[in-house]
Each structure stands twice: as C-alpha cells, then as structure tokens.
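Every number here is computed from the coordinates shown, using simple stated rules; none is lab data. Everything numeric in this text was worked out from a predicted model, so none of it was measured. Methodologically, a virtual Cβ is constructed for each residue, glycine included, from the backbone with ideal geometry; neighbour enumeration extends over all protein chains shown.
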Amino acid sequence: MVLSRLARSTCCLLSALAVASIFVSCKSNTAPRAAESTQSPSLSKTEMTVQTYLKEYSIRVEGESAKAGKVTFMAHNEGTMPHELVVIKTDLAADMLPVGPQDTVEEGGAVEVVTEIEPDELSPSMTATKSVDLTPGKYVLICNIAGHYRAGMRAALTVAS
C-alpha cells in the first residue's frame, strides 16, 4: 500500500511537470526571434507578402508571382555573410542583367531599381522587411554585392493586375 501511494504521488508529480514543460515550450515559441521584426505587417485585400530566402549563392522566392499593389518583401538571410535584396523592374531575363566592371549589376536604362534592403539590414540570420507599391510587369530580385549576382543570387517575379 505504501508503494502504491508513492507510485501515485510520483505519477502526479511527473504529470504536473509534463504539463508545465508543455506550457513553457508553447510560451517560448510565441516570442519573436531577436533577428526578426516584432511587428507583422497588417495586410488588406490588396496587400501581400513575398517571402524571400537568401544564402550563398541563391535567392529562393515563395511563389513566382504577386498581385499589383502594396507588396511587402520579407527577406530572410540564411547564409553566413551579409546579403542585400534589390527589387528591379525590367523586361530582361533574370540572368541577363548588365554587369559592370565592379562585378555588380549596372542600374539605369533597362534596370529600374524599385526598392532594396541594404546589407546592414540583412546580416546572417537576420530577417528584414520592405514594402513598396508594385505595378504589373516583370521583376528580378537580386543581391548586388560584388560577384553575388553572377554567382546565382537572382530570381524572377511576375506582378499581375
């Protein structure tokens, strides 16, 4: 009988600890990570968020299209070095942008920079956001740090009305 009471007490204690650990685990998962913004953009029917993931040497975009209007780019640096996200409106293919002597994409002419998230905002493990009004057309997302575009840090995005 004594063993039975001890077993029940132990069982109750272990159950209480399990519930407490689940509560702490759920509570800690709701806190924002240090590298992420604590404010999430409020989206109306005409707004959308485009998730982008940058690392050496690629840019991955969730979806290849967006709707015209206010678009928030949420850039996640999954790499080991700073990157930048440059949003360019152009009719050129993503891999055909003009590269200059500094080994960066030359801006101007057929390359219209719409917005960008700078490298100091996008260090390794950081997430940064930038909102902009986009019109229908073809866009290319690049990292324009010397050599990164040529190494493959580019992705196409189509904006439809």
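Each residue of segment 118-135 was assigned a 3J(HN,Hα) from its phi angle through the Karplus curve 6.51 cos²θ - 1.76 cosθ + 1.60 (θ = phi - 60°); the sequence is 6, x, 5, 8, 9, 5, x, 6, 8, 10, 9, 10, 8, 10, 7, 8, 10, 9 Hz, with glycine and proline shown as x.
Take the alpha carbon gyration tensor of segment 35-161, find the square roots of its eigenvalues, order them as a ≥ b ≥ c, and report rounded if a/c is under 1.5; if not, report prolate when a/b exceeds b/c, else oblate. Taking the square roots of the gyration eigenvalues as a ≥ b ≥ c, segment 35-161 is oblate. The alpha carbon gyration tensor of segment 55-128 gives principal lengths a ≥ b ≥ c with a/c of 1.5 or higher and a/b no greater than b/c, which makes the shape oblate.
Applied to segment 49-64, the Karplus parametrisation 6.51 cos²θ - 1.76 cosθ + 1.60 on θ = phi - 60° returns per-residue 3J(HN,Hα) values of 10, 10, 7, 10, 10, 10, 7, 5, 10, 8, 10, 10, 10, 6, x, 10 Hz, with x for Gly and Pro. Classification of segment 102-160 by its C-alpha gyration tensor yields an oblate form. The axis ratio a/c (a ≥ b ≥ c) is 1.5 or more, and b/c is at least a/b.
What is the packing order of peptides 83-89, 69-75, 103-109, 51-57, taking the mean over residues of other C-beta atoms within 10 Å and listing the highest first? Write out the running numbers ahead of the final one.
Details: 83-89: 23.4, 69-75: 20.1, 103-109: 14.3, 51-57: 18.1.
Output ranking for 83-89, 69-75, 103-109, 51-57: 83-89, 69-75, 51-57, 103-109.
Computed from the C-beta positions of S58 and A110, the FRET efficiency with R₀ = 35 Å rounds to 0.90.
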